[in-house]
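Below you'll find the structure, written out as structure tokens, and then a few comments.
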Amino acid sequence: MHGARVVVVERPGDHAGEEADAAVTATPGCVLAVQVADCAPVALVSDDVVGVVHAGWRGVLAGVVPATVAAMRALGAVEIRALIGPCIHAECYEFGADDLERIAALLGDEVRATTSSGTPALDVVAAVRASLDRADVTDIDVVDVCTACSHEHWSFRATADAQRQAVVAWM
């Protein structure tokens, strides 16, 4: 959806197929999943709550990451760990100056980068990290794979492939 809508899954099958950018649950047996192409898939885990996030630039700008963390905390999560999965990296992600300015104004200049050809780019991983940091999630791991460069991942930007990766989590 490229927004900030988070669903709370309270029983298996709850919200199945519903459009949202994130899901959280504290209920054992509930499976959560979001699909991404070049956007960042994020898994959030605490002792008693899990969440999954589709973190594209529009969603990051809309606040999907802090909204998901807040939904997890509302379910009792205290210490949250994050894993940022494969996504497009700055060297392959030419980005418009106006939108880059908006994201940098929100999250800081660390989101600014350049492509391998020297044009302005968004560092999606840095943007997600900054969003997590602002939501007080500092235990962050990153799968350092660029979907546009990888032959094992789908990339809409690189190949116009309609297939998607998924991040899946469950209690």
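What follows is calculated from the coordinates using simple rules that are stated; it is not laboratory data. Since this is a predicted model, take the numbers as computed values, not measurements. We place every Cβ from the backbone using ideal geometry, glycine too, and count neighbours over all the protein chains shown.
Results, tabulated for the structure shown:
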| quantity | calculated |
| --- | --- |
| Sorted by Cβ neighbour density within 10 Å, fewest at the top, the residues TRP57, TRP170 | TRP170, TRP57 |
| Cysteines having no other Cys beta carbon under 4.7 Å from their own, within the chain | CYS30, CYS39, CYS87, CYS92 |
| Longest exposed-site-free window of the chain, the sites being GluC sites (Glu not before Pro) in a DSSP loop that have at most 15 other C-beta atoms within 10 Å | 80-151 |
| Residue order, fewest to most beta carbons within 10 Å, for ILE88, ILE140, ILE103 | ILE140, ILE103, ILE88 |
| Degrees separating the helix 97-107 axis from the principal Cα axis of the chain, which is the longest one | 40 |
| Distance (nanometres) between label positions extended 7 Å along Cα→Cβ at TRP170 and ALA70 | 3.0 |
| Computed [θ] at 222 nm, deg cm²/dmol, the chain (DSSP H ≥ 4; -39,500 (n - 2.57); rounded to nearest 500) | -7000 deg cm²/dmol |
| Dipole magnitude of the chain, debye to nearest 20 (Cβ charges: Lys/Arg +1, Asp/Glu -1, about Cα centre) | 260 |
